[in-house]
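Computed from the coordinates by the stated procedures, all read-outs in this text should not be read as laboratory data. Note that this is a predicted model, so its numbers are computed, not measured. A quick note on method: Cβ atoms are made from the backbone with ideal geometry, for glycine too, and the neighbour counts reach across all protein chains shown.
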């Protein structure tokens, strides 16, 4: 169901690909392991509906499949101009969430990004939280979270009580760092 629903979107056009490249995203990161697509959606807080499904005009958003250890579990929609980020089914916690149980052995902690653009720049290594209400329970057993900066570190710390993962500010990350 997730696969088919996501594939109703359209492929990125050349202008969109070029814009991502200008913003430091490698073209390969737009298509691997599953393509970023474009679809018309209606946002409702942390959730969205496909506009065609609810009879609305909707607005264009980039869509991503959310992968967990169980496979494709949800779809995320992201509207960069408004920074809205939402899930379709409510099953997905984070973009890149499979990495929570299967961390990259070459990175000293789990990278957490505020936005999909930074996540894409980093080669999809790390996560982007989609449903913050689940952060405490999902990330409690992760030893180290790597925040983008000091303010982001403080924001992540608010998800946890006195216990929880160590949260530090990660170094600038690139695919070169991961190799």
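Rounded, prolate or oblate: which fits the stretch 45-87 when a ≥ b ≥ c are the square roots of the eigenvalues of the alpha-carbon gyration tensor, with rounded for a/c under 1.5 and prolate only if a/b beats b/c?
Because a/c hits 1.5 or more and a/b fails to exceed b/c, the stretch 45-87 counts as oblate.
Run the quick spin-label model on residue 141 and residue 158: label points 7 Å from Cα toward the beta carbon, then report their separation in nm to one decimal.
2.8
When only C-alpha pairs under 8 Å and at least 6 residues apart count, what is the relative contact order of the stretch 2-178, in percent?
Values: 332 pairs, mean separation 28.4, N = 177.
Reported as a whole number, the value is 16 percent.
Please order 91, 148 by the number of other Cβ within 10 Å, starting at the fewest.
Least to most surrounded, the residues fall as 91, 148.
Helix-only mean residue ellipticity at 222 nm, the chain, DSSP H runs n ≥ 4 weighted -39,500 (n - 2.57), per residue, nearest 500. What is it?
So the helix-based figure for the chain works out to -5500 deg cm²/dmol.
Note down the nm distance, to one decimal, between modelled labels 7 Å out along Cα→Cβ at residue 106 and at residue 89.
3.1
Nearest 0.05, what FRET efficiency do residue 57 and residue 32 give at R0 = 30 Å with Cβ-Cβ as r?
Details: r = 32 Å, r/R0 = 1.05.
Working from the Cβ atoms, E equals 0.40.
In square nanometres and to one decimal, what's the mean projected area of the convex hull around the Cα atoms of the chain?
Averaged projected area of the chain's Cα convex hull equals 10.1 nm².
How would 141, 74 line up from fewest to most surrounding beta-carbon atoms within 10 angstrom?
Fewest-to-most Cβ neighbours within 10 Å comes out as 141, 74.
GNM, the chain, Cα, under 10 Å: largest mean-square fluctuation among 23, 37, 120?
It is 23.
Based on other C-beta atoms within 10 Å, arrange 159, 47 from fewest to most.
Going from sparsest to densest Cβ surroundings: 47, 159.
Which value in nm describes the separation of the simple spin-label points at residue 134 and residue 40, placed 7 Å from the Cα toward the beta carbon?
According to this spin-label approximation, the distance is 2.9 nm.
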